[in-house]
Ligand code: IDP
Ligand code: MG
């Protein structure tokens, strides 16, 4: 049975700044992801705080929100079979030094904070995050 899902992917400021948007999109497309919508934007810190609210008690929350709002990002709606988990697998571990070979973070991530991509972690959060960036 098919299980087509959508998930939210973000190419983070470190990767956009290094001109890696197309290389990352090519990795996604080569794994069968369709890019349904995309936009390059820079968000306010207050918007980053809303987006990452789940992390508000963490020590790194303030730096994380400053970082996500520090430069242009590319937000994308990705679609494919099992998109949420397959995107997490293609992204690799949060800390690039733990990310498996062939993953986006292994290839392009600089550090745990500058790890090049975001991806929704559940179907439920994917819906919330897609709505956050593409509600209109
Ligand atoms: P994820 O991006 O792999 O889903 P989360 O645990 O949801 O990882 O954390 C969100 C983001 O917060 C990470 O992508 C990373 O940039 C940052 N982050 C997570 N843990 C740490 C940490 O221990 N120190 C600094 N930044 C962190
Ligand atoms: Mg997460």
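Say a paramagnetic label sat at a point 7 Å from the Cα of residue 135, along Cα to Cβ; which residues of region 14-51 have their backbone N under 17 Å from it?
In region 14-51, the label zone of residue 135 (backbone N under 17 Å from the point 7 Å along Cα→Cβ) covers 43-51.
For a quick check: sort 110, 130, 41 by the number of other beta carbons within 10 angstrom, fewest at the front.
41, 110, 130
According to the square roots a ≥ b ≥ c of the eigenvalues of the Cα gyration tensor, what is the shape class of region 1-44, taking rounded for a/c under 1.5, prolate for a/b larger than b/c otherwise, and oblate for the remainder?
Note, shape of region 1-44 comes out oblate.
List the equivalent ellipsoid semi-axes of region 1-116 in whole Å, largest first, each obtained as the square root of 5λ for an eigenvalue λ of the Cα gyration tensor. Write down the numbers at each step before the final one.
Values: eigenvalues 101, 52, 43 Å².
They are 23, 16, 15 Å, listed from largest to smallest.
Residues in region 116-134 near a label at residue 3, defined as backbone nitrogen under 19 Å from the 7 Å Cα→Cβ point?
119-128
Where in region 6-24 does the amide nitrogen come within less than 20 Å of the point 7 Å from the Cα of residue 85, taken along Cα to Cβ?
Only 6-9 pass the distance filter.
Calculate for the chain the 222 nm mean residue ellipticity that helices alone would give, adding -39,500 (n - 2.57) per DSSP H run of length 4 or more and normalising by residue count, nearest 500 deg cm²/dmol. Can you show the working numbers first?
Numbers: 7 runs with 56 residues, N = 136.
Taking each H run of at least 4 residues, the total per residue is -11000 deg cm²/dmol.
Suppose R0 equals 30 Å. What FRET efficiency, 1/(1 + (r/R0)^6) with r the Cβ-Cβ distance, do residue 70 and residue 97 give to the nearest 0.05? Before the final figure, lay out each step's value.
Numbers: r = 22 Å, r/R0 = 0.74.
With R0 = 30 Å, the Cβ-Cβ based efficiency is 0.85.
Of 59, 69, 30, which has the largest mean-square fluctuation in a 10 Å C-alpha GNM of the chain?
It is 59.
Compute the distance from the alpha-carbon center of region 52-112 to that of region 1-44, in whole Å.
11
What share of Cα pairs, in percent, lie more than 14 angstrom apart in region 61-130?
Of the Cα pairs, 62 percent sit more than 14 Å apart.
What list do you get for 76, 27 if you sort them by fewest beta carbons within 10 Å? Provide the component values of the computation, followed by the final result.
Numbers: 76 29, 27 19.
Fewest to most other Cβ atoms nearby, the residues stand as 27, 76.
Full extension from residue 60 to residue 125: what is 0.36 nm times the residue separation minus their Cα-Cα distance, to one decimal in nm?
In short, 21.3 nm is gained.
How high is the relative contact order of the chain, in percent, with contacts defined as C-alpha pairs under 8 Å that are six or more residues apart?
Relative contact order here is 37 percent.
Each value in this text was obtained by applying a stated rule to the coordinates, not by laboratory testing. Nothing here was measured: the structure is a model prediction, and the numbers come from that model. Ideal geometry is used to build each Cβ from the backbone, glycine not excepted, and the neighbour counts take in all protein chains shown.
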